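Following: one structure in structure tokens, then a few remarks.
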């Protein structure tokens, strides 16, 4: 079974973290999972087993003291294997275990972190600048410098002001940056391609920061403030983004697949070609006035994710806007939902063509062709202008055929157009008894097409304006 070393930290000050110690002759492990657990957790100093058969993300923000070397090990945030169905939250303080605590699949044990620094005593922007000057530190800052600033800030990132600093390419993986201030900072990941993956940005202020291309995969970003931040091409997959504020932020081409977007604010946020596959979108998600781009099309960064998840994302957006009363956008996302379904069938067809299974190929075609017809004729019931276009095309084509091949109409295109329009609308069908038989049958065919398209137009038009 895979073994993962925990991060060694200094002994937390009293009542700042959830700390667990062993008592008596019991020497661990602290936690034991059931059969099927994915990995063991060991001391980052002496490799003593501290937790056995544990699922990823089942224990977070908990500090344990190794019974062998007495170093303190931190269970940092990791993305849960399964969505937790029961959460056990520990308060700050010290707990003593005399036996192993069982951990079940779907349960999550979460510790708490609290700074004892009085309000207003955190390192300000001026104090941070003075520290950098006094120690001869140049920018861009490194991970070690940020860790030193956190230690100087009473071992907490709460209210630590790193505004307007150059943090390009820094590695912030597995750090607890809860409450950090990164206003106007430069975290552009394109400088040298290093990924920036903070594990916790809860309540952080990151407004107006340049975070283009930043990697925040599986990060905890609860209540973080990204107002007007540049997050183009960023990767925020699987992140917990509950109650975060992306007001006027730029998320163009960003990847938020699998993210929890409960109560997240996207008001006036640029979301062109954003990827939302498998994301959690609920009614508390604030999507009003989000800018989706002219085609309202979502991106799909991860080609391994099935395309039907894109269809589900469009359906979630359609339901959200319907409940919010934004009916114009309901139509746009309804159209995209069905277009995504057509793309799914096309991808299946491409696979079946390689296998050369005739029955499966015809089965795919039987679903693709009606979808193509529905999209071309009426945009899946959302594009009434397309029906008007096809009405005009059919009337004109039949009028041209009557004009060329029916001399009874006196070689007058106006007469041919009138006859074609009368047949199409079924208002003047068969008025001229002297026309050839083929023209009568053509008119009959045109009348059937007219009945169908006119009915489709009425349904689409009424649905569009009375939704």
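The values are calculated or read from the model by the stated rules, or taken from the named source; none is laboratory data. These figures come from a predicted structure and were not determined experimentally. Reconstructed Cβ throughout: ideal geometry from the backbone, glycine too, with neighbour counts over all protein chains shown.
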Q. Condition test on residue 169, is it surrounded by fewer than 24 Cβ atoms within 10 Å (Cβ to Cβ), more than 14 Å from residue 245 (Cβ to Cβ) and at pLDDT 70 or above?
A. no
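Taking the stretch 33-56 only, how many residues are over 25 Å from residue 11 (Cβ atoms) and surrounded by fewer than 20 Cβ atoms within 10 Å (Cβ to Cβ)? Let's see the steps before the verdict.
Just the residues of the stretch 33-56 that are over 25 Å from residue 11 (Cβ atoms), to begin with: 33-39, 53, 55-56.
So of that shortlist, the ones also surrounded by fewer than 20 Cβ atoms within 10 Å (Cβ to Cβ) come out as 34-36, 38-39, 53, 56.
Within the stretch 33-56, residues that are over 25 Å from residue 11 (Cβ atoms) and surrounded by fewer than 20 Cβ atoms within 10 Å (Cβ to Cβ) number 7.
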**Q.** Selection within the stretch 433-457 - exposed (fewer than 14 other Cβ atoms within 10 Å of the Cβ), over 13 Å from residue 377 (Cα atoms) and modelled with pLDDT of 80 or more
**A.** 445, 448, 451
Q. Yes or no: residue 368 in contact with a helix residue (DSSP H, G or I) (Cβ under 9 Å, 6 or more places away or on another chain) and assigned to a helix (DSSP H, G or I)?
A. yes
Q) What is the number of the single condition among (1) in contact with a strand residue (DSSP E or B) (Cβ under 7 Å, 6 or more places away or on another chain); (2) within 19 Å of residue 157 (Cα to Cα); (3) modelled with pLDDT of 70 or more that residue 200 does not meet? A) (3)
Q.
Condition first: surrounded by 16 or more Cβ atoms within 10 Å (Cβ to Cβ), under 36 Å from the mean Cα position of the chain (by Cα) and over 16 Å from residue 92 (Cβ atoms). Now tell me which residues in the stretch 3-23 satisfy that.
A. 6
Q: Restricting attention to strands (runs of 3 or more DSSP E) lying wholly within the stretch 29-89, give those where 1 or more residues are within 22 Å of residue 259 (Cα to Cα).
A: 72-75, 86-89
